[in-house]
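Worksheet: the structure to be examined is printed underneath.
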């Protein structure tokens, strides 16, 4: 069993207070359904770099990332449906799931980093600590963010829905609270995987087709639909 939980940030209590005040109830990390068994086997989600260090093979989604990252990409409250849709086109026939992760201690781990747009956006360097977390909730954190926070914007959602939290090295299995899948067939696969696991965690399985629809995610997060802009 791999144990690699990092220490906590000096700003841990401030981060916890901010998250509570914003009503942040989850981080979201999406993965292939056929990777869930490996996540359970290795007691959590591993970064690419950490997986290589402990000789664990993981499937890569981003073939352009040459250097293995020591961080795991997550979003706050809502999934990055834009990136997921791109992966669905790149890997047809692959089934996907959202993993809902408890916001604490994840947000407050030492070396957790925050970026107000997609991590790969040129010219934007992640920040850490409470300053980094507050940054992604500013009305217009960087010039590339097209829309400022409106009245209907969910308080828990960052200003840009592709803002990322980069969790160092590993997200332990006991931090994963729910698995969200698109179909009942996918739910059966996940239930069977969890039932077969020796270190079975108390993870709830949710089926929600609308959670994988861009219009639903955008309207839930910022109060407007894709058609509205």
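Things to note:
- Residue, nearest to residue 24 (Cα to Cα), within the stretch 143-167, restricted to residues that are in contact with a strand residue (DSSP E or B) (Cβ under 9 Å, 6 or more places away or on another chain) and surrounded by fewer than 22 Cβ atoms within 10 Å (Cβ to Cβ): 156
- Residues that are within 16 Å of the chain's Cα centre (by Cα) and either modelled with pLDDT of 95 or more or crowded, with 18+ Cβ neighbours inside 10 Å (or both) within the stretch 120-134 comprise just one, 133.
- Flag for residue 128 being in contact with a strand residue (DSSP E or B) (Cβ under 9 Å, 6 or more places away or on another chain), at negative phi and touching a residue at least 60 places away in the same chain (Cβ under 8 Å): yes
- Against the criterion of being assigned to a strand (DSSP E or B) and in contact (Cβ under 8 Å) with a residue 60 or more places away in the chain, residue 98 qualifies.
- Of all residues in the stretch 1-29, none satisfies the criterion of being in a strand (DSSP E or B), buried (at least 20 other Cβ atoms within 10 Å of the Cβ) and at pLDDT below 95.
- Per the conditions (1) more than 26 Å from residue 130 (Cα to Cα); (2) modelled with pLDDT of 95 or more; (3) surrounded by fewer than 21 Cβ atoms within 10 Å (Cβ to Cβ), the sole criterion not satisfied by residue 97 is (3).
- When each of 51, 102, 106 is tested for being at pLDDT 85 or above, surrounded by 14 or more Cβ atoms within 10 Å (Cβ to Cβ) and farther than 25 Å from residue 209 by Cα, the lone residue that passes is 106.
- Screening the stretch 109-118 for residues that are buried (at least 19 other Cβ atoms within 10 Å of the Cβ) and part of a loop (DSSP other than H, G, I, E, B) and picking the one that is modelled with the lowest pLDDT gives 117.
- Single condition residue 198 does not satisfy, out of (1) in a loop (DSSP other than H, G, I, E, B); (2) touching a residue at least 12 places away in the same chain (Cβ under 8 Å); (3) more than 30 Å from residue 223 (Cβ to Cβ): (2)
- In the set (1) buried (at least 17 other Cβ atoms within 10 Å of the Cβ); (2) under 17 Å from residue 18 (Cα atoms); (3) over 19 Å from the mean Cα position of the chain (by Cα), residue 139 fails one condition alone, (1).
- Strands (runs of 3 or more DSSP E) (entirely within the stretch 147-195) containing at least 2 residues that are within 21 Å of residue 214 (Cα to Cα): 164-168, 176-181
- Hits in the stretch 85-94 - residues which are assigned to a loop (DSSP other than H, G, I, E, B) and surrounded by fewer than 13 Cβ atoms within 10 Å (Cβ to Cβ): 92, 93
The values are calculated or read from the model by the stated rules, or taken from the named source; none is laboratory data. What you are looking at is a predicted structure, and each value in this text was computed from that prediction instead of being measured. FYI the Cβ positions are ideal-geometry reconstructions off the backbone, even for glycines, and counts take in every protein chain you see.
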